[in-house]
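The values are calculated or read from the model by the stated rules, or taken from the named source; none is laboratory data. Bear in mind that the values here come from a model prediction, so they are computed numbers and not experimental data. No Cβ is skipped: glycine too gets one built from the backbone with ideal geometry, and neighbour counts run over all protein chains shown. Ligands, DNA and RNA are stripped out before the accessible areas are found, and what is left, the full protein with its side chains, is counted by its heavy atoms. Shrake-Rupley method; radii C 1.70, N 1.55, O 1.52, S 1.80 Å.
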Amino acid sequence: MLRSILSNIRMIEGRKLEFSTKGENDILNITEQVQNIIEQSDAQDGFVTLFLQSTTSGLLIIEWEQGILNDFRNAMERLAPKSGIYEHERAWHDGNGHSHIRSSIVGANLSIPFAKKKLLLGKWQQIVLAEFDVRPRSRTLVMQIHA
Amino acid sequence: MLRSILSNIRMIEGRKLEFSTKGENDILNITEQVQNIIEQSDAQDGFVTLFLQSTTSGLLIIEWEQGILNDFRNAMERLAPKSGIYEHERAWHDGNGHSHIRSSIVGANLSIPFAKKKLLLGKWQQIVLAEFDVRPRSRTLVMQIHA
Amino acid sequence: MLRSILSNIRMIEGRKLEFSTKGENDILNITEQVQNIIEQSDAQDGFVTLFLQSTTSGLLIIEWEQGILNDFRNAMERLAPKSGIYEHERAWHDGNGHSHIRSSIVGANLSIPFAKKKLLLGKWQQIVLAEFDVRPRSRTLVMQIHA
């Protein structure tokens, strides 16, 4: 059993994290950065909410192994093929119809517990930002520490 | 960096929101309603949890552009085709085997931060309720404001 | 409208729950266990975060009907076929390339509200742990009660 906390102080610490991606199929491991921010905060036990402000990229948990990352990219191609026909294209011609679909299904939102300042991730779990858009993008992630 | 809050008051404000859908493929934009409830509350900074009480519809973030919405509907048809064979049908004959699958994969649960009473959504992000069931339904969404 | 709570005490109760699965396609209904822990806690109103510490299984909401559960298993096979080609296999030969993909897309993280000690689930909603790995596994779920 983990520690239980009763406190008469409620803390929310908010951060905006900025990331640059190299475009389609780039996957960034952001676990260490999230962990570092928790360590620098005053929080001991609680959880973080991560919310990516984007409709053409995703936030997910996966093992950081290059084979798996490629398998994930291939799975995204099956889920919403880049060469598929998208109505979004007819009006906007920006080539990212498939990116919107991948983002809406994978999601961009995680809530992760921590205790004694350590994210309670499983041994192989890493937090990653997956770029689905067709060009390099700047991405903003809102992180809140709740303790 | 966003504001950080230390408070000796913890607030949870709970609401049940009711929605009527027109049946399969109806998608409702509920962003404004969620935003309005935050504005009417006493909360300044925090997050909302949204939980849709349904196994045949979904809650997700997507850009509100008619082409993308149709592309999402087409992606759901690839993910779980309406004309596919479902064991659920053999016993229940209610024609919504595919709806259950779409709901379980897309999910019905979001946590979204806000600051100074504004949802911290990206420029194009909208919160939508996607009806996957084959007939018009009443849907209940539990919203909690945490501040 | 649900009750709204203003309190000068903040409570986080943390638990680690352990589950044993029978291997691929095993699906465990954990709803009752989560409900029981809330009832045994001091919390009245709030929400729980559930975080499964795994990259080859998933946490989701679905109706507990055997036909639907089989339909979900079939949908996972379409999403990431067991007999597909996975780069992960070339290096690791542990036969679970498809399990990683299913886990990363379905997710392993839920936030569920409760009021008066009752999870605010819809009539048919059950919380399930879906094993995607090819062999029996021990699974750890971190549960936090926030009230």
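Data table
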{"quantity": "Residue check for B:Leu141: under 19 Å from C:Ser111 (Cα atoms) and either surrounded by 22 or more Cβ atoms within 10 Å (Cβ to Cβ) or out of contact with any helix residue (DSSP H, G or I) (no Cβ under 6 Å at 6 or more places or on another chain) (or both)", "calculated": "yes"}
{"quantity": "Residue in the range A:91-100 that is more than 7 Å from every other protein chain (Cβ to nearest Cβ), within 21 Å of the chain's Cα centre (by Cα), buried (at least 21 other Cβ atoms within 10 Å of the Cβ) and part of a helix (DSSP H, G or I) present", "calculated": "yes"}
{"quantity": "Within the range B:115-138, considering residues that are open to solvent by less than 50 Å² (accessible area, probe 1.4 Å) and charged (D, E, K, R), the one nearest to B:Ser99 (Cα to Cα)", "calculated": "B:Asp133"}
{"quantity": "Residue under evaluation A:Glu18, criteria (1) modelled with pLDDT of 95 or more; (2) in a strand (DSSP E or B); (3) open to solvent by less than 10 Å² (accessible area, probe 1.4 Å), criterion not met", "calculated": "(3)"}
{"quantity": "Residue, least open to solvent (accessible area, probe 1.4 Å), within the range B:59-79, restricted to residues that are among the acidic types (Asp, Glu) and either assigned to a helix (DSSP H, G or I) or touching a Ser or Thr at 6+ places or on another chain (Cβ under 9 Å) (or both)", "calculated": "B:Asp71"}
{"quantity": "Single match in B:Leu110, B:Leu121 (criterion: farther than 24 Å from C:Leu79 by Cα and out of contact with any Phe, Trp or Tyr (no Cβ under 6 Å at 6 or more places or on another chain))", "calculated": "B:Leu121"}
{"quantity": "Qualifying position, being touching a residue at least 40 places away in the same chain (Cβ under 8 Å) and within 23 Å of A:Leu17 (Cα to Cα), among B:Leu69, B:Leu60, B:Leu52", "calculated": "B:Leu60"}
{"quantity": "Yes/no for B:Glu18 being more than 10 Å from chain C (Cβ to nearest Cβ) and within 22 Å of B:Thr140 (Cβ to Cβ)", "calculated": "yes"}
{"quantity": "Enumeration of residues in the range B:101-123 that are within 8 Å of chain A (Cβ to nearest Cβ), more than 16 Å from B:Ile37 (Cβ to Cβ) and in contact with a helix residue (DSSP H, G or I) (Cβ under 9 Å, 6 or more places away or on another chain)", "calculated": "B:Ile105, B:Val106, B:Gly107"}
{"quantity": "The range B:1-15: number of residues that are away from chain C (no Cβ under 14 Å) and touching a residue at least 12 places away in the same chain (Cβ under 8 Å)", "calculated": "2"}
{"quantity": "Number of the condition not met by C:Lys82 [criteria: (1) open to solvent by 10 Å² or more (accessible area, probe 1.4 Å); (2) more than 19 Å from A:Val106 (Cα to Cα); (3) not in a loop (DSSP other than H, G, I, E, B)]", "calculated": "(3)"}
{"quantity": "Selected residue (criterion: nearest to B:His146 (Cα to Cα)) from residues of the range B:1-11 that are out of contact with any Pro (no Cβ under 9 Å at 6 or more places or on another chain) and open to solvent by less than 40 Å² (accessible area, probe 1.4 Å)", "calculated": "B:Met11"}
{"quantity": "Some residue of the range A:113-121 being part of a helix (DSSP H, G or I), touching a residue at least 12 places away in the same chain (Cβ under 8 Å) and of a type in the set (A, V, I, L, M, F, W, C)", "calculated": "no"}
{"quantity": "Number of the exception - C:Ile27 against (1) open to solvent by 10 Å² or more (accessible area, probe 1.4 Å); (2) within 12 Å of chain A (Cβ to nearest Cβ); (3) aliphatic (A, V, I, L, M); (4) more than 25 Å from B:Arg15 (Cα to Cα)", "calculated": "(2)"}
{"quantity": "Residue match in the range B:132-142 (condition: within 30 Å of A:Met11 (Cβ to Cβ), of a type in the set (Lys, Arg) and assigned to a strand (DSSP E or B))", "calculated": "no"}
{"quantity": "Restricting the range A:30-56 to residues that are surrounded by fewer than 17 Cβ atoms within 10 Å (Cβ to Cβ) and part of a loop (DSSP other than H, G, I, E, B), the residue that is farthest from the other protein chains (Cβ to nearest Cβ)", "calculated": "A:Gln44"}
